[in-house]
Amino acid sequence: MHKKQGISVRTVVAIGIGTAIFFVLMRYIPIPTGVPDTNINLAYGFLALMGSIFGPVAGGLIAFLGHMFNDLTWGEPWWTWIVADGIYGILFGLTKKYLNIENGGLTKHKLVIFNVYQIIISVLVWGIIAPTGDVLVYSEPASKVYLQGITSVICNALSVGILGTILLVAYARTRSKKGSLKKES
């Protein structure tokens, strides 16, 4: 018998709800940094949770669609950062198997590794991919977009490091460790 391929209904629902929550967090709860068009977004802490539960497809779509809808409500979508957000979500989704959060497998050691990883992907996505895209696609001044990128690295790493970690721990506590339930005699 062949294993079914594709996305589960649970994941499709998570993408829809996750996109809506990501959008609301980005659109209505940004915390200004003082750097133009750069905010502290709680959406990234939430994205860390969704990616680690539902995987790279869900993480990528939640971030991509949520950021796209946010930009559309402001006027013009900024595609380089929207695509970068999708990549960011995909990279968070790659933590699903490692964290094993669904089976109560989250440990302090895994949280430390996760936070080192999230800082690395923040540097990659916000410090390199997004601003380089702005220079290449929109001919933006490098000094402006790399300042936005560095600010985003710091802000997003903090959002994930604080809110994301809290959400991961809280969610993991709701899950039973695999094999922890024993049949009573």
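Some notes on this structure:
- Ellipsoid fit via the Cα gyration tensor, the chain: semi-axes of 31, 18, 14 Å, each the root of five times an eigenvalue, largest first.
- Lys/Arg +1, Asp/Glu -1 at C-beta; the range 9-173 dipole; positive extreme among Tyr28, Leu111, Tyr146: Leu111
- Alpha-carbon centroid distance for the pair the range 26-100 / the range 153-175, whole angstrom: 14
- Those residues of the range 147-165 whose amide nitrogen sits under 17 Å from the label point placed on Asp37, 7 Å along Cα→Cβ: 147-153
- About its Cα centre, the range 9-173 has a charge dipole of approximately 700 debye under the convention of +1 per Lys or Arg Cβ and -1 per Asp or Glu Cβ, with nothing else charged.
- Subtracting the Cα-Cα distance of Arg175 and Lys97 from 0.36 nm times their residue separation leaves 26.6 nm of extension gain.
- Trypsin sites (Lys or Arg not before Pro) within the range 1-94: DSSP coil, no more than 14 neighbouring Cβ in 10 Å: Lys3, Lys4
- Relative to the current alpha-carbon distance between Ile128 and Ser8, full extension at 0.36 nm per residue lengthens the span by 39.9 nm.
- Stretch gain in nm, segment Arg27-Glu76, where the contour uses 0.36 nm per residue and the Cα spacing is subtracted: 16.2 nm
- The chain: DSSP helices with Cα axial extent of at least 24 Å and average Kyte-Doolittle hydropathy no lower than -1.0: 9-28, 56-74, 142-159
- Each of Asp71, Asp85, Asp134, Asp37 was scored by other Cβ atoms within 10 Å of its Cβ. Arranged with the fewest first, they read Asp37, Asp71, Asp134, Asp85.
Here, each number is a calculation from the coordinates, and none is a lab measurement. For clarity, every value in this text was computed on a predicted model and none was experimentally measured. Backbone-built Cβ (ideal geometry, glycine too); neighbour counts: all protein chains shown.
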